[in-house]
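Here, each number is a calculation from the coordinates, and none is a lab measurement. Keep in mind it's a predicted model, so treat the numbers as computed, not measured. Methodologically, a virtual Cβ is constructed for each residue, glycine included, from the backbone with ideal geometry; neighbour enumeration extends over all protein chains shown.
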Amino acid sequence: MEKKDIKTRKDIYKLVSTFYAKVRVDDTLGFFFDRIEDWDEHLDRLTTFWESSLFLKTKYYGDPLKAHAKADKEHDYKISELHFGIWLNLWYETIEELFEGETAENAKRRARKMGTFLYLKIFEARQGS
């Protein structure tokens, strides 16, 4: 299969939905996502987030830090760097399976930066709890 770069919202949706299908069955990560009731809505929101991040043409209305800090609290503050590492490895794996090109590489860089930022902010949020 010839791979192409990420160019459209449809491409991002394919990436996000394929990625989260892996996350949901992962032995280490899956249980963090069991609380999500409406996966169609969640995937649409994440598609908008990544579309905003990669193409800078849509506006994402949400607070990923608040959502992740809440999930950490709901899971007894058990989110660790291991979880972010697995998440990032699955993200890279999914991109490499489906896409190649400048935007695909940018999606990897942005995920790495975002994961680091979110983990540090989650750790900070614990200090205020």
Suppose each label sits 7 Å from its Cα in the direction of the beta carbon; what would the residue 92-residue 70 distance come out to in nanometres?
3.1 nm
In region 19-115, which chymotrypsin sites (Phe, Trp or Tyr not before Pro) are in a loop and have at most 11 other Cβ atoms within 10 Å, using DSSP for the loop call?
61
Selection from 83, 127, 12 lying farthest towards where the dipole of the chain points positive, charges on Cβ
127
Global geometry of the chain, whether rounded, prolate or oblate, following the gyration tensor of its Cα atoms and the 1.5 cut on a/c:
prolate
Distance (nanometres) between label positions extended 7 Å along Cα→Cβ at residue 8 and residue 44:
1.9 nm
Mind pulling the angle between the C-alpha long axis of helix 81-98 and the longest principal axis of the chain? Nearest 10 degrees, somewhere in 0 to 90.
10 degrees
Within region 96-129, GluC sites (Glu not before Pro) in DSSP loop having at most 13 other beta-carbon neighbours inside 10 Å:
none
Name the trypsin sites (Lys or Arg not before Pro) in region 1-80 that are in a loop by DSSP and that have at most 16 other C-beta atoms within 10 Å, would you?
3, 7, 35, 57, 59, 78
